[in-house]
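No value in this document is a laboratory result; all are computed from the given coordinates. Just so you know, these numbers come straight off a predicted model, no measurement behind them. Positions of Cβ are generated from backbone atoms using ideal geometry, with glycine treated the same way; all protein chains shown enter the neighbour counts.
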Amino acid sequence: MRRKQYLKIICLCCCVLFLYNLYYANVSPYPQTHYQEENPSTQLTSRPVFLVDTPTCKIPLFSPFDVSIVQFLKPGKKISCNKFLPYTYEDGIILRVNWTAIDQSRHKETFKYCRYQPIIRPYEAEHHNYYDYGDYSEKFDSYIEVSYEFIRVRCFNRANGKIYTNYHQFIYRKKNIEKLKSTAFEKHKAKVSETLNVMMVGVDSISRLNFKRYMRKTNAFLTNRLQSFDMMGYNKVADNTFVNIVPMTLGKFLEDVPWNESLSDIPFDNYNFIWKMFSDRGYRTLYAEDAPKIAIFDYLKAGFHKAPADYFNRHFSIAMTKDKPLWYNEHNCLVNRLETDIILNYTFQFASIMQKNPYFAFTFITGLTHDSTESAAMADEPYFNYLKSLYEQKNMLNNTMLIFYSDHGMRFGKLRETYIGKLEERLPFLFIVLPEWFRKKYPVISQNLQINERRLITPFDIYETLQNVLFFGTDQREQSSSRGASLFQEVSDERTCSEIGILPHWCTCAKNVPLAPEDIKIRDFGERIITSINEILSTFVDCAHLTLENVLSASKILPYDEVLRFRKSKNDVINRKVTFGDKVNSFVHYQLIVQTSPGNGRFEATIKYDELHDSSKIASDISRINLYGNQSNCVNDHSIKKYCFCNM
């Protein structure tokens, strides 16, 4: 019996070691030197190591392969889109027939010609899903010049039977836009001391830790070749993509915009997003997303009826998505290309064409990384190649600020239910890349960015930084967010979550003390959470009344003692001094994960408890942390779906 137990232990250890080595072997051949900050010295120390370590904020640092989570990690895999041969390809504004591919195909003897149709969307469409096909082009069997942004191409055999379909995109200068932009920029240029292009590339659902774990080639290139600034304390401010992108691009929380679900039928055309501000001052603009069904401003919302930017790909993306026979690999590959690569190439071509003129590009890519932690490994090669191309081809980053970011970490799954998983969800990655000449010309900005790498940072700070770039060297900014600060300036080391609007539920500046889930007080808190959910559901008659099945985990969230006693500091180099006072009274926050019946929904919420008055209230959003699938199909309100279990 004892021998069997030993064998089980040995097998378990071998499995863990195998998985650990498999991640390092499969994800990237790069050495582990860039993991140094995740592997602090083993020398004995009296306190933990933090990503952010200021008097008012301490964010814990963990290894991507911490022993407490390795059991929930799966090996990363690459993805290949080689199921179909591409009979056509883009070459500038030329569409060419790929005879090499045709000669290797079963259509070698029967191929006859191709024709394309433009995919059309007016500047102001009747709804956000509008698109149409124009007339067919003339026949061609070698190449044809294309004068449209987006096309569907079809090729035919000698009997005029369709044998091939693909989709292509082209960037060209639009004469009506060029004149307006040139005039507007000349006026703006006289008022600023520097002009930088802006390229924002967003990747859905990847925490900073998961980025280090699975996207190691991209991480190494950003760190070593592009000399990026890694904002380690980048803390999301709300739950999902939409509510974090709005502060980044409007400088406001949704309720301050103001916007709520009652306005979901009204398009976002009239809001003053940051790309509109750049456009008004002469910058050519691009807005690109994949996965149109769940796009940021379109999922259960009205999207944009007017194109938000000079170059806008939504109608193209919808047209591609509806052509289902062309997709494979879990809807990640279209013909011979990864959907992620299609969007990245669109952004690349835009930057290449507009290289000598000011531009602002906003890109957010969802499909490849949205559904699982390990899917980040599939994204490593595409983003590495994209950044490498930007760096090597025509030195396209020479006058451009690149913001490479995510919205949040993975919000579902077993890893998410661990302490590290909770931190990961709240700590997405954020890298900022600046041209070498700019860093040298403005060494104080570089120094501030280095300092800010280990400060508490939010999407509001990205908004303020973008304003800083747009109005560089002037005080003519639009009304700024009271919650943000430009990252070109040093962010205060006394910044707290509360002063910049981060609820305790999302704040990572804390320490957790685990508690027994069966404790009477904890059980009472769990019942309070379920009561609140049922109150939310009370007007939705198709949703079941929920009951508390179990409290799965509970912890007390406490500020560090230094936070409670901190009074002021003197930051002189020689006479550095921190003054502490008496420990102040504070609220205690309890974070619970509860499971409900029916439906086995798992929810996480934070309870704010006033020990002095023995009173409590829910102090956060209530997060759904496991998938609800089709359980909530009886309701269309996005804010309700995560709570509802439909009555049968």
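Helix 520-537 sits at what angle to the longest principal axis of the chain, using alpha carbons and giving 0 to 90 degrees rounded to 10? Here the helix axis deviates by roughly 40 degrees. Which one of Cys57, Tyr123, Val243 has its Cα pushed farthest toward the positive end of the charge dipole of the chain, where Lys and Arg give +1 and Asp and Glu give -1 at the Cβ? Most positive-ward Cα: Cys57. Each peptide in 484-495, 280-291, 434-445, 633-644 was scored by the mean count of other Cβ atoms within 10 Å over its residues; highest first, the order is 280-291, 484-495, 633-644, 434-445.
Converting phi to 3J(HN,Hα) with the Karplus coefficients 6.51, -1.76 and 1.60 and the offset θ = phi - 60°, the stretch 591-608 yields 10, 10, 10, 10, 10, 10, 9, x, x, 6, x, 10, 10, 10, 8, 10, 9, 9 Hz in sequence order, with x at every glycine or proline. When both bridge partners sit in the chain, DSSP labels roughly 75% of those beta bridges antiparallel. Please determine, in degrees from 0 to 90 and to the nearest 10, the orientation of helix 443-452 with respect to the longest principal axis defined by the Cα atoms of the chain, where the helix direction is its Cα long axis. Taking the Cα atoms of the chain, the angle to 443-452 is about 60 degrees. Across the chain, the relative contact order, built from alpha-carbon pairs under 8 Å that are at least six residues apart, equals 16 percent. In plain terms, the C-alpha convex hull of the stretch 398-544 casts an average shadow of 13.3 nm² when viewed from every direction. Extent along the principal axes, Cα only, for the stretch 285-386: 37, 33, 26 Å, with the longest axis given first. Segment Thr165..Lys306, full-extension length gain: 47.9 nm, with 0.36 nm per residue of separation and the alpha-carbon distance subtracted.
At R0 = 30 Å, how high is the FRET efficiency between Tyr89 and Asn270 if r is their beta carbon distance? Nearest 0.05 is fine. Show your work: numbers first, answer last.
Values: r = 40 Å, r/R0 = 1.32.
Rounded to the nearest 0.05, the efficiency is 0.15.
Under the combined filter of DSSP loop state and at most 15 neighbouring Cβ atoms within 10 Å, the stretch 166-215 retains these trypsin sites (Lys or Arg not before Pro): Arg173, Lys174, Lys191. Residues in the stretch 65-82 carry Karplus couplings, in order, of 10, 4, 4, 6, 10, 4, 5, 9, 8, 10, x, x, 10, 8, 10, 10, 10, 10 Hz; the curve used is 6.51 cos²θ - 1.76 cosθ + 1.60 with θ = phi - 60°, and Gly or Pro positions show x. Checked against a 19 Å cut-off, the cross-linked pairs Lys301/Lys642; Lys108/Lys162; Lys139/Lys174; Lys83/Lys388; Lys212/Lys422 give Cα-Cα distances beyond that limit for Lys139/Lys174; Lys83/Lys388. Relative to the longest principal axis of the chain, what angle (0 to 90°, nearest 10) does the C-alpha long axis of helix 241-250 take? Once rounded, the angle reads 80 degrees. Here the label points at Arg96 and Ile120, each 7 Å from Cα along the C-beta direction, are separated by 3.0 nm in the simple model. Between Glu109 and Tyr131, what is the FRET efficiency for a Förster distance of 35 Å, r being their Cβ-Cβ separation, to the nearest 0.05? With a Förster radius of 35 Å, E is 0.50.
By how many nm would the segment from Arg173 to Glu261 lengthen if fully extended, with 0.36 nm per residue of separation less the alpha-carbon distance? Write out the running numbers ahead of the final one.
Numbers: separation 88, 0.36 × 88 = 31.68 nm, distance 3.76 nm.
Extra length available between Arg173 and Glu261 comes to 27.9 nm.
Among the GluC sites (Glu not before Pro) in the stretch 114-181, those placed in a DSSP loop whose Cβ has at most 16 other Cβ atoms within 10 Å are Glu126, Glu138. Note on the chain: percent of Cα-Cα distances in each 10 Å bin, starting at 0 and stopping at the bin with the largest distance, equals 3, 14, 24, 26, 19, 10, 4, 1, 0. The phi torsions of the stretch 151-161, fed into the Karplus equation with coefficients 6.51, -1.76 and 1.60 and a -60° offset, translate into couplings of 9, 10, 10, 10, 10, 10, 8, 5, 8, 6, x Hz, rounded to whole numbers, with Gly and Pro shown as x. Given their separation in residues at 0.36 nm each and the Cα-Cα distance between them, Lys74 and Asp542 gain 164.7 nm when the chain is fully extended.
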